[in-house]
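Enquirer: One structure is given below, represented as structure tokens, and several questions about it will come after.
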Amino acid sequence: MRRILFEGLVRRPLTEAPPVADDAALAALAANVDRAARRRLGRSLSIREVDAGSCNGCELEIHALNNAVYDLERFGLRFVASPRHADVLLVTGPVTRNMREALARTYHATPDPKWVVAVGDCALDGGLFSGSYAVVGGVSAVVPVDLHIPGCPPRPMQLLKGLLSLLEAA
Amino acid sequence: MSALTDMIAGEAVPGHGGCPRVVVNEDGWRLAINQLSAGSWTLLGLWGDTGAVHMATLAEDTREIAVVTIPCPDGRFPSVGALHPPAIRLERAIRDLYGVVPVGLPDDRPWLDLGFWDVQHPLGKRRDAPSSRVPYTFLPAEGENLHQIPVGPVHAGIIEPGHFRFTANGETVVRLEERLGYVHKGIEGLIAGATLDEAARLAGRTSGDSTVAYALAYAHAVEAAAGVQVPPRASHLRALMAELERLANHFGDIGAVCNDASFSLMHAHCGVLRERTSRAADACFGHRLMMDAVLPGGIARDLAADGVDHVTALLQDIRRSFPELIELYDNTASLQDRTASTGILRAELARQFGAGGYVGRASGRAFDARKIPGYRPYDQLAFDIPVLQSGDVNARVWVRIREIEQSLGLVEQILNTLPSGAVRTELGLTAGIREGLGMAEAFRGDVLAWVRLDDDRVARCHLRDPSWFQWPLLEAVIEGNIVADFPLCNKSFNCSYSGHDL
């Protein structure tokens, strides 16, 4: 173990350079976010991830944000275990009927000010699963959405760009 | 006619691809149930259809697979779960989706229908859902000083939703009961009537972490129904994708198990290996998870021109850095203290439930769909199925470690023997009904797919996740362990919610 730890000290970091914020996402957001809240929160956001019906593909890429290559926490962004601690809900999946109430309750348990980021093509409008008896639709059918990050699933770098644009605008 | 279907008095369905299918009367169905409960057969799947219920079985002695069908025109059939517990949740799901009643089923609570849908029996005779929801009663646990801990459906980590109801005496778990179905998307309903390629996209999103395996199982079923074989280059590249998917998930899981024991160093290093595997997959096939890469008849696109170089570099990287990590895992006493002898799954339960993947293999059950029924190109490649006996969290980690080593060998063989030529063939479907069964080995176990094609559309497709036969065992495994060890046990199983809820 000592050797692995030592190598960690002398080796070049694996973490990649930060991406520039996604311009389109930034524009989409600018209209929705209150600047005053940004000043109050400072340059830090706590994120609560909610799977509202995803196939778990988006979860894999959200997980990847925490690995050494993307290292989300260097931007002051971190995942928290409870909506009570969160500023941002990161919601994936078409919202299933079986998860609609849980998503709404999670939203209401999150203190204001708060933002909702819908992740993945399904989260926009239900995607491939829209029209099913078991699916409500996109995330905005249940809670107000501030930003949508497309992709099936979005690559970690796209997620990072989207979240950074939230920071810039928030 | 195989020995297995000889045993069952019934009418063989001509032209069923992948394995025989026999339509039986009630006596034949009961004979099948007796074979299952006696342990001579293993249940591979149990699903509803219009006016019928099918079960897929594996004969333990001859290793033959068959589908047994009971017509149920009056909406009833003898319950398999009454004598064979692994069928209970499957039958609860059949009743929710089709409205068909398994007579004698010991648990009459719903399973996938949590009371939020507009319709009842969405795949059978639909009717409007009742206006009020029936409260769900959890199974009782009685005794002094017991308390309940409800967890979920929204969990604390970046995980899928599901509800766990723990009953504990102090720190010790007396009973765990799972309640799933939260991410039920109605995939089988959406697939009915879809084109072959649309259905492939849906099948590949049943459980995103196993997208290659799902698309592969579905493609195997369609190809069995159509009676075609894919070009050799396509089957080789499919296997390359499947092994990359296995590698990525096993790296992720090993790291995550260690992280749940608060040993984040392993998590960090395994996370980097997972990332490198995803990037190699992306460079080779244009998608980090390789979604929509496998299609009926072959694969969507050929390996990128520099794909072999990317995979070769990945293999070198893993071979250089992974042995150190294995050593680190094995020589860290504080980590071993958490994983060894924690969450033991008895071999008898693994066998009874037909548990696949590392869950079965860590408890002595060697089943692997790459060997039985087996599919190309694995019949031309050399690999072992690692099997351990101790059945604890540690054994489930070690099976993954050994499987990574096997997958590295497989990828090398695939690259060394990669044929040239086409990567997709025409299915040449003519008008009419065709049926087929296919399987594929995902990282967490065997995925089963069954299709009925009507001309060039999918009339019915059933997809059975390995988790159906693993989730119930997690309840057994945690009993007598402390609450704080649940994350370890759970992560060592890493069952799919989406694949199960469908």
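Enquirer: Just to check, using Stokes-Einstein with a Kirkwood Rh over alpha carbon pairs, what's the diffusion coefficient of chain A at 37 °C and 0.692 mPa s in µm²/s? Mind dumping the intermediate values first?
Expert: Working: Rh = 16.5 Å.
Calculated translational D: 199 µm²/s.
Enquirer: Against the globular-protein guess of 2.2 N^0.38 Å, express the Cα radius of gyration of the range B:193-239 as a ratio, rounded to two decimals.
Expert: Dividing the Cα radius of gyration by 2.2 N^0.38 Å gives 1.15.
Enquirer: For chain A, modelled as a Gaussian network with Cα springs under 10 Å, which listed residue fluctuates most, A:Leu89, A:Leu128, A:Leu65?
Expert: Ranking A:Leu89, A:Leu128, A:Leu65 by mean-square fluctuation puts A:Leu128 first.
Enquirer: So, in Å, what gap is there between the alpha-carbon centers of the range B:158-203 and the range B:393-450?
Expert: If you average the Cα positions of each part, the centres end up 24 Å apart.
Enquirer: Is it possible to state the helix-based mean residue ellipticity at 222 nm for chain B, with each DSSP H run of 4+ residues giving -39500 (n - 2.57), the sum divided by total residues, to the nearest 500 deg cm²/dmol? What is it?
Expert: About -12500 deg cm²/dmol.
Enquirer: Counting partner chain Cβ atoms within 10 Å of every residue's Cβ in B:146-155, what's the average?
Expert: Per-residue shielding by partner chains comes out at 3.
Enquirer: Taking neighbour counts of Cβ atoms within 10 Å as a proxy for exposure, in what order, fewest first, do B:His250, B:His163 appear?
Expert: B:His163, B:His250
Enquirer: Moving on. Would you order B:Ile385, B:Ile404, B:Ile299, B:Ile149 from fewest to most other beta-carbon atoms within 10 Å of each residue's own beta-carbon?
Expert: With the fewest neighbours first, B:Ile385, B:Ile404, B:Ile299, B:Ile149 line up as B:Ile149, B:Ile385, B:Ile404, B:Ile299.
Enquirer: Sticking with this one: Amide H to amide H, which residues 5 or more places from B:Arg175 or on other chains are under 5 Å from it, using H placed in the peptide plane?
Expert: B:Thr167
Enquirer: Write down the Å³ per residue value for the convex hull defined by the alpha carbon atoms of the protein assembly as shown.
Expert: Spread over its residues, the Cα hull of the protein assembly as shown gives 157 Å³ apiece.
Enquirer: For a distance above 18 Å, tell me the whole-number percent of Cα pairs in the range B:86-222 that qualify.
Expert: Summing the P(r) tail past 18 Å for the range B:86-222 gives 67 percent.
Enquirer: A follow-up question, please. Given a cut-off of under 8 Å on Cα pairs at least six residues apart, what relative contact order in percent is computed for the range B:396-500?
Expert: 20 percent
Enquirer: On to the next question. Sort out for me the Cα centre separation of the range A:96-170 from the range B:204-275, rounded to whole Å.
Expert: What the calculation gives is 26 Å, centre to centre.
Enquirer: Then there is this: Any chance you could tell me what percent of the C-alpha pair distances in the range B:212-355 go past 24 Å? It would help to have the intermediate numbers written out before the result.
Expert: Numbers: 4900 of 10296 pairs.
Percentage above 24 Å: 48.
Enquirer: So for the pair B:Arg109, B:Asn169, with labels modelled 7 Å out along Cα→Cβ, what separation do we get in nm?
Expert: 2.2 nm
Enquirer: Oh, and also: Around B:Glu403, what is the net charge, scoring Lys/Arg as +1 and Asp/Glu as -1 over all other residues with Cβ under 9 Å from its Cβ?
Expert: Computed value for this residue: +3.
Enquirer: Starting from the Cα of A:Leu9, move 7 Å in the Cα-to-Cβ direction to define the label point; list residues of the range B:242-265 whose amide nitrogen is under 16 Å from there.
Expert: Hits in the range B:242-265 for A:Leu9 at 16 Å: none.
Enquirer: For the range B:34-151, just say rounded, prolate or oblate: build the C-alpha gyration tensor, square-root its eigenvalues into a ≥ b ≥ c, call rounded for a/c under 1.5, and beyond that prolate if a/b exceeds b/c, oblate if not.
Expert: oblate
Enquirer: Give the distance, in whole Å, between the Cα centre of the range B:54-110 and the Cα centre of the range B:300-341.
Expert: About 40 Å separates the Cα centre of the range B:54-110 from the one of the range B:300-341.
Enquirer: Describe numerically, in nm with one decimal, the distance between label points set 7 Å from Cα along Cα→Cβ at B:Arg301 and at B:Asp61.
Expert: That separation, rounded to one decimal, is 5.2 nm.
Enquirer: If N is the number of residues in chain B, what value comes out of its Cα radius of gyration divided by 2.2 N^0.38 Å?
Expert: Against the empirical 2.2 N^0.38 Å value, I get 0.95 for chain B.
Enquirer: Using a Förster distance of 41 Å, how high is the FRET efficiency between B:Glu327 and A:Glu101, based on the Cβ-Cβ distance and rounded to 0.05?
Expert: Numbers: r = 48 Å, r/R0 = 1.17.
Working from the Cβ atoms, E equals 0.30.
Enquirer: Can you sort B:Cys72, A:Cys55 so the residue with the fewest Cβ neighbours within 10 Å comes first? Working shown, then result.
Expert: On the way: B:Cys72 21, A:Cys55 38.
Fewest to most other Cβ atoms nearby, the residues stand as B:Cys72, A:Cys55.
Enquirer: Taking the Cα of B:Val119, stepping 7 Å toward and past its beta carbon, and measuring to each backbone N in the range A:67-110: which are under 20 Å?
Expert: Taking a point 7 Å out along Cα→Cβ of B:Val119, the residues of the range A:67-110 whose backbone N falls under 20 Å are A:94-100.
Enquirer: Suppose every Lys and Arg Cβ carries +1 and every Asp and Glu Cβ carries -1, with no other charges. What dipole size does the range A:61-170 come out with about its Cα centre, to the nearest 20 debye?
Expert: I would put it at about 200 debye.
Enquirer: Follow-up. Over chain A, what is the relative contact order in percent, taking alpha-carbon pairs closer than 8 angstrom and at least six residues apart?
Expert: 29 percent
Every number in this text was worked out from the coordinates using simple rules, so none of it is lab data. Remember, predicted model here, so these are calculated numbers, not experimental data. Counting neighbours? That spans all protein chains shown, and the Cβs are built from the backbone with ideal geometry, glycine included.
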